[in-house]
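Asker: Have a look at this one.
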Amino acid sequence: MSSSQRISFSFIKRTLNFTFDAGTSRGVLRQRDVYWIKAESECGTRVGWGEAAPLIHLSLDFLSDFQEVLDQVLNQSSNESWSLKPNEFLTQVRDLVPFHLPSIRFGLESALLDLHFGGVKKYFENGFYDSNESIPINGLIWMGEKEMMLRQIDQKLSEGFSCIKMKIGAIDFDQELELLGYIRQKFDKDEITLRVDANGAFSAKDAPHKLQQLADLDIHSIEQPIAAGQIREMKELCKITPLPIALDEELIGVEEKATLLDEIQPQHIILKPTLVGGILETQAWIEAAEERGIGWWMTSALESNIGLNVISQLASTYDPVIPQGLGTGKLYHNNLLSPLTIAEGKIKYNAQVEWESVS
């Protein structure tokens, strides 16, 4: 019996349309492109799907010629002889696709794993897919005008989320404190967990005072309070902070994981497989963090439901207890219809619902 196989790879591009103006620290998003990677067995009886979705102005592989680069990688991959064993073909992807193409790595890894498990959009042995186990997630409050953010807060609370994450840095900080205070007036920290994501919006000089103001509201944690790349300043912040700091953008493009974690010593890290180099790299970050007693959770990076499904299953392999950032599936008018459902602050795989055909 052969220990390897030939696989043909191709992709389908889809432009996803947001259901609202999605405010971020890098501007307002109304559309984004994703690339669904198809892996087809040599006999043509099985097909696996993955997703490469470089995030605008953030992914290392957000390139003007991304489509051409992807086409090159997939053509090269189609000429490879692929191992039948997951641990071996994932290593092949890592060796074949350069580190600076993280979303392509993630998409190729995912497509091969789906093919390995029979082309049913299963990627790992995990409770999320196998046993319909739900994963707790945070309800995300997007940047925008104060009244728009207030409406989002009320909606998330009414939907039963017990963890709310608010992006800050778009409006006046005092107004953002008022919005957070609005939640705290209704619910204490034992009822509602509050996270904030600054996306590097604070200056190193102002950050300590702002962190204290946030800590006074019993905030669970803050993601990336200052811009990535300020290692000395971030290290000092993590040493004196009155509330836990989670590194996010700081992880992008970093290969020496232990070196960064030992230098900064953060309380948490945020893992986006699309941005940090795919599945193997995400697992390596988790291993490095857990060896040092650093907390972590996983977050999608505005992928379609194909990418969200992969990340949810990957998170499920670790039996997560704290809320993950996996609630982006309802962002788009034209997302692929899927078994992924969100209710009462949890995401679940409803096996009774069929996937929409990829086209």
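The values are calculated or read from the model by the stated rules, or taken from the named source; none is laboratory data. What you are looking at is a predicted structure, and each value in this text was computed from that prediction instead of being measured. Here the Cβ is made from the backbone with ideal geometry for all residues, glycine too, and neighbour counts use every protein chain on show.
Asker: Kindly establish whether Arg94 is crowded, with 20+ Cβ neighbours inside 10 Å and in contact (Cβ under 8 Å) with a residue 60 or more places away in the chain. Steps first, please.
Answerer: Values: crowded, with 20+ Cβ neighbours inside 10 Å: no; in contact (Cβ under 8 Å) with a residue 60 or more places away in the chain: yes.
So Arg94 fails the test.
Asker: Would you confirm whether any residue within the stretch 190-199 is crowded, with 21+ Cβ neighbours inside 10 Å and at positive phi?
Answerer: yes
Asker: Can you run down the residue pairs with Cβ atoms below 9 Å, 6 or more apart or on separate chains, where the first is in the stretch 171-198 and under 19 Å from Pro323 (Cβ atoms) and the partner is of a type in the set (Asp, Glu) and in a helix (DSSP H, G or I)?
Answerer: As it stands, the answer is Val196/Glu176, since those pairs meet every condition given.
Asker: Further question: Please give the number of the condition Leu96 fails out of (1) of a type outside the set (Lys, Arg); (2) more than 21 Å from Lys13 (Cα to Cα); (3) in contact with a strand residue (DSSP E or B) (Cβ under 8 Å, 6 or more places away or on another chain).
Answerer: That leaves (3) as the condition not met.
Asker: While we're on this one: Among the residues of the stretch 330-355, count how many are hydrophobic (A, V, I, L, M, F, W, C), in a strand (DSSP E or B) and touching a residue at least 60 places away in the same chain (Cβ under 8 Å).
Answerer: Taking the stretch 330-355 first, the residues hydrophobic (A, V, I, L, M, F, W, C) are 331, 336-337, 340, 342-343, 347, 351, 353, 355.
Filter again for in a strand (DSSP E or B), leaving 340, 342-343, 347.
Next cut, touching a residue at least 60 places away in the same chain (Cβ under 8 Å) only: 342-343, 347.
Final tally of qualifying residues: 3.
Asker: Being in contact with a strand residue (DSSP E or B) (Cβ under 6 Å, 6 or more places away or on another chain) and farther than 17 Å from Ile279 by Cβ is the filter; apply it to the stretch 37-57 and report the residue that is surrounded by the most Cβ atoms within 10 Å (Cβ to Cβ).
Answerer: Within the stretch 37-57, the match that is surrounded by the most Cβ atoms within 10 Å (Cβ to Cβ) is Lys38.
Asker: Just one of Leu84, Leu16, Leu60, Leu29 is loosely packed, with under 15 Cβ neighbours inside 10 Å and of a type in the set (A, V, I, L, M); which is it? Give the derivation first.
Answerer: On the way: Leu16 fails: loosely packed, with under 15 Cβ neighbours inside 10 Å; Leu60 fails: loosely packed, with under 15 Cβ neighbours inside 10 Å; Leu29 fails: loosely packed, with under 15 Cβ neighbours inside 10 Å.
Of the residues listed, the single one that is loosely packed, with under 15 Cβ neighbours inside 10 Å and of a type in the set (A, V, I, L, M) is Leu84.
Asker: Do you know which residues across the stretch 305-334 are surrounded by 15 or more Cβ atoms within 10 Å (Cβ to Cβ) and at pLDDT below 95?
Answerer: Those that are surrounded by 15 or more Cβ atoms within 10 Å (Cβ to Cβ) and at pLDDT below 95: Gly327, Thr328, Gly329, Leu331, Tyr332.
Asker: Being farther than 17 Å from Met298 by Cα and surrounded by fewer than 21 Cβ atoms within 10 Å (Cβ to Cβ) is the filter here, so list the residues in the stretch 127-151 that pass it.
Answerer: Asp130, Ser131, Asn132, Trp142, Gly144, Glu145, Lys146, Glu147, Met148, Leu150, Arg151
Asker: What strands (runs of 3 or more DSSP E) lie completely within the stretch 1-100 and have 2 or more residues being closer than 22 Å to Asp114 by Cα and not hydroxyl-bearing (Ser, Thr, Tyr)? Reasoning before the result, please.
Answerer: Working: elements: 4-24, 27-41, 47-52, 81-83.
Fully inside the stretch 1-100 and qualifying: 4-24, 27-41, 47-52.
Asker: What's the total number of residues in the stretch 273-296 that are within 15 Å of Glu223 (Cβ to Cβ) and in contact (Cβ under 8 Å) with a residue 40 or more places away in the chain?
Answerer: Looking only at that region, the number is 3.
Asker: I'd like the full set of residues that are part of a loop (DSSP other than H, G, I, E, B) and touching an Asp or Glu at 6+ places or on another chain (Cβ under 7 Å), limited to the stretch 296-309. Break it down into steps so the answer makes sense when it comes.
Answerer: Let us first name the residues in the stretch 296-309 that are part of a loop (DSSP other than H, G, I, E, B), namely 300-304.
Correct list: Glu303, Ser304.
Asker: Checking the structure you have, find out if any residue of the stretch 167-175 is closer than 19 Å to Ser300 by Cα, in the same structural domain as Ala246 (by TED's automatic domain parsing) and in contact with a Ser or Thr (Cβ under 8 Å, 6 or more places away or on another chain). Even if it seems obvious, please write down each step before you answer.
Answerer: If we filter the stretch 167-175 for residues that are closer than 19 Å to Ser300 by Cα, which is where we start, we get 167-168.
Now narrow it down to the ones that are in the same structural domain as Ala246 (by TED's automatic domain parsing): 167-168.
In the following step, the residues that additionally are in contact with a Ser or Thr (Cβ under 8 Å, 6 or more places away or on another chain) were identified as 167.
Within the stretch 167-175, one or more residues are closer than 19 Å to Ser300 by Cα, in the same structural domain as Ala246 (by TED's automatic domain parsing) and in contact with a Ser or Thr (Cβ under 8 Å, 6 or more places away or on another chain).
Yes/no per residue for (1) among the charged types (D, E, K, R); (2) surrounded by fewer than 15 Cβ atoms within 10 Å (Cβ to Cβ); (3) assigned by TED's automatic domain parsing to the domain that holds Met166; (4) on the phi < 0 side of the Ramachandran plot:
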position	(1), (2), (3), (4)
Leu214	no, no, yes, yes
Met234	no, no, yes, yes
Ile240	no, yes, yes, yes
Glu255	yes, yes, yes, yes
Ile264	no, no, yes, yes
Lys272	yes, no, yes, yes
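Asker: On the basis of being under 24 Å from the mean Cα position of the chain (by Cα) and at pLDDT below 95, does Gly23 make the cut? Steps first, please.
Answerer: Working: under 24 Å from the mean Cα position of the chain (by Cα): yes; at pLDDT below 95: yes.
Here the answer is yes, as Gly23 does meet what is asked.
Asker: Pick from Ser131, Ser158, Ser110: which is in contact (Cβ under 8 Å) with a residue 40 or more places away in the chain and more than 30 Å from Lys235 (Cα to Cα)?
Answerer: Values: Ser131 fails: in contact (Cβ under 8 Å) with a residue 40 or more places away in the chain; Ser158 fails: in contact (Cβ under 8 Å) with a residue 40 or more places away in the chain.
Just a single option satisfies the conditions, and that option is Ser110.
Asker: Looking at (1) part of a helix (DSSP H, G or I); (2) among the small types (Gly, Ala, Ser); (3) surrounded by fewer than 20 Cβ atoms within 10 Å (Cβ to Cβ), which one does Gly293 not meet, given that it meets all the others?
Answerer: Condition not satisfied by Gly293: (1).
Asker: How many residues are assigned to a helix (DSSP H, G or I) and either modelled with pLDDT under 95 or out of contact with any Gly (no Cβ under 7 Å at 6 or more places or on another chain) (or both) if we restrict to the stretch 114-143? Quick ask: steps written out before the conclusion?
Answerer: Just the residues of the stretch 114-143 that are assigned to a helix (DSSP H, G or I), to begin with: 114-116, 127-130.
Add one more test, that the residue is either modelled with pLDDT under 95 or out of contact with any Gly (no Cβ under 7 Å at 6 or more places or on another chain) (or both), and what stays is 116, 127-130.
Qualifying residue count for the region: 5.
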